[in-house]
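Novice: Got a structure for you, questions after.
The values are calculated or read from the model by the stated rules, or taken from the named source; none is laboratory data. Since this is a predicted model, take the numbers as computed values, not measurements. Positions of Cβ are generated from backbone atoms using ideal geometry, with glycine treated the same way; all protein chains shown enter the neighbour counts. Side chains are part of the model used for accessible areas, which takes the heavy atoms of the whole protein and leaves out ligands, DNA and RNA. Shrake-Rupley method; radii C 1.70, N 1.55, O 1.52, S 1.80 Å.
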Amino acid sequence: MILERAANSMDDLAREMNVLPNHFAFRGQANADWGLTSTLERVIGRTWSAENARRFESYSLQLFQSKYHIYSGSEHIPTSKLSWLSVMQHYGVPTRLIDFTTSPYIALYFALENYDPLSKHDFAVYAIDYTAVMEASIQHIKKVDTKFVENRSSLNGKQDAIFDDVVDRYAYDIAWVTEPKELNARIDRQSGTFLVSGNLEKTIESVVNLPLYESATILKIRVPAHLYEGVYVALRKMSINSKSIYGDLGGLAKSIRMELQSYNQER
């Protein structure tokens, strides 16, 4: 179950994030009222159904694969479904992958990147104990399939095959935290990973709220709008900005936009 906590000061926020162990992954969102949803879920919206989820993913995956060679230039060709979904996510195609990072401060940056200070909305950081989630998911698979002998350590180097051949193939009602073996530079720079519903037909919130994960800590830390400026300044002091995260002209442009927004708040 997703628990919500409020961070009403910069000290509260630092305490909430720093007290969490290293086996947590984080996600920042510009509006604290938004749920934990994938871009695919948001595109389907109110017409969400198992049939639409399958249809939308199948269509976008096939279309992206068929046109990839035209636009990819010198980029390598993905060799697994997980890799394909990762590349699609990178370029903005709606997928069931949800971006997380192992850095709470990079997650805070992403909350601010799409934040409109004039909206006065609270923003949020999700924190998920990925070790506990993965242990529960692995044990669930083992109960259903006695031939499955993997553990968290043995998954290293097999992420693509396990997702494609086990998790996705059998559509287990589990949450899965993973990344393709071949990371692109941006994911690596962002200390990125993905949270994904093993069953395409189930939304991620419905999965993480299953009894299976009742002992796994999943938090939403709500940050009030009045902390926007303090968070922006703190991240700037840590050199966490669009330039360092993206490393390209698009990142420079985002950095300038955020600087202008912050300046406008100070006036």
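Novice: If packing is taken as the mean number of other Cβ atoms within 10 Å per residue, what is the order of 82-93, 132-143, highest first?
Specialist: Top to bottom by mean Cβ count within 10 Å: 82-93, 132-143.
Novice: Under 25 Å between alpha carbons, and skipping anything fewer than 8 positions from Lys158 in its own chain: which lysines qualify?
Specialist: Qualifying lysines at Cα under 25 Å: Lys81, Lys142, Lys143, Lys147, Lys181, Lys202.
Novice: Note the angle between two axes, namely the Cα long axis of helix 130-144 and the longest principal axis of the Cα atoms of the chain, as a number of degrees from 0 to 90, rounded to the nearest 10.
Specialist: Roughly 20 degrees between the two axes.
Novice: For the stretch 1-156, with the dipole built from +1 on Lys and Arg beta-carbon atoms and -1 on Asp and Glu ones, taken about the Cα centre, which of His140, Leu155, Tyr59 lies farthest toward the positive end?
Specialist: Tyr59
Novice: How far, in nm, would the chain grow between Ser119 and Asn22 when pulled straight, counting 0.36 nm per residue and subtracting the alpha carbon separation?
Specialist: Additional length available on full extension: 31.6 nm.
Novice: Starting from 0.36 nm per residue, how many nanometres of slack lie between Asp145 and Glu229 once their C-alpha separation is accounted for?
Specialist: 25.2 nm
Novice: Helix 50-71 versus the longest principal axis of the chain: what is the Cα-based angle in degrees, 0 to 90, to the nearest 10?
Specialist: Here the helix axis deviates by roughly 80 degrees.
Novice: Subtract the Cα-Cα distance of Glu51 and Tyr91 from 0.36 nm times their separation in residues, and report this length gain in nm to one decimal.
Specialist: 11.9 nm
Novice: Students sometimes get this wrong: rank Phe123, Phe110 by accessible area, probe 1.4 Å, all chains present, largest first.
Specialist: Per-residue accessible area, sorted high to low, gives Phe110, Phe123.
Novice: Taking the chain as a Gaussian network, where each spring joins two C-alpha atoms under 10 Å apart, which residue of Val149, Val125, Val167 fluctuates the most?
Specialist: Maximum fluctuation in the GNM of the chain, among the listed residues, is at Val149.
Novice: Only helical DSSP H runs with n ≥ 4 go in: add -39500 (n - 2.57) per run for the chain, normalise by residue count and round the 222 nm mean residue ellipticity to 500 deg cm²/dmol.
Specialist: -13000 deg cm²/dmol
Novice: Gaussian network model of the chain, Cα springs within a sub-10 Å range: biggest mean-square fluctuation belongs to which of Leu219, Leu210, Leu118?
Specialist: Among Leu219, Leu210, Leu118, the largest mean-square fluctuation in the Gaussian network model of the chain belongs to Leu118.
Novice: Here's a follow-up. Please determine, in degrees from 0 to 90 and to the nearest 10, the orientation of helix 249-266 with respect to the longest principal axis defined by the Cα atoms of the chain, where the helix direction is its Cα long axis.
Specialist: Tilt relative to the chain: about 40 degrees.
Novice: So in the chain, what percent of DSSP beta bridges are antiparallel if you round to the nearest 5?
Specialist: In the chain, DSSP labels about 80 percent of beta bridges as antiparallel.
Novice: Okay, next question. Identify which of Asn22, Asn199, Asn31 has the largest mean-square fluctuation in a Gaussian network model of the chain, with springs joining Cα atoms closer than 10 Å.
Specialist: Greatest mean-square fluctuation among the candidates belongs to Asn22.
Novice: Give the carbon-plus-sulfur fraction of the accessible surface of the stretch 1-130 in %, rounded to a whole number; probe 1.4 Å, heavy atoms of protein chains only.
Specialist: Of all accessible area on the stretch 1-130, carbon and sulfur atoms account for 54 percent.
Novice: Calculated from the structure, Kirkwood radius over Cα pairs in Å equals which of (i) 19.5; (ii) 18.2; (iii) 22.4?
Specialist: So the calculated entry is the one marked (i).
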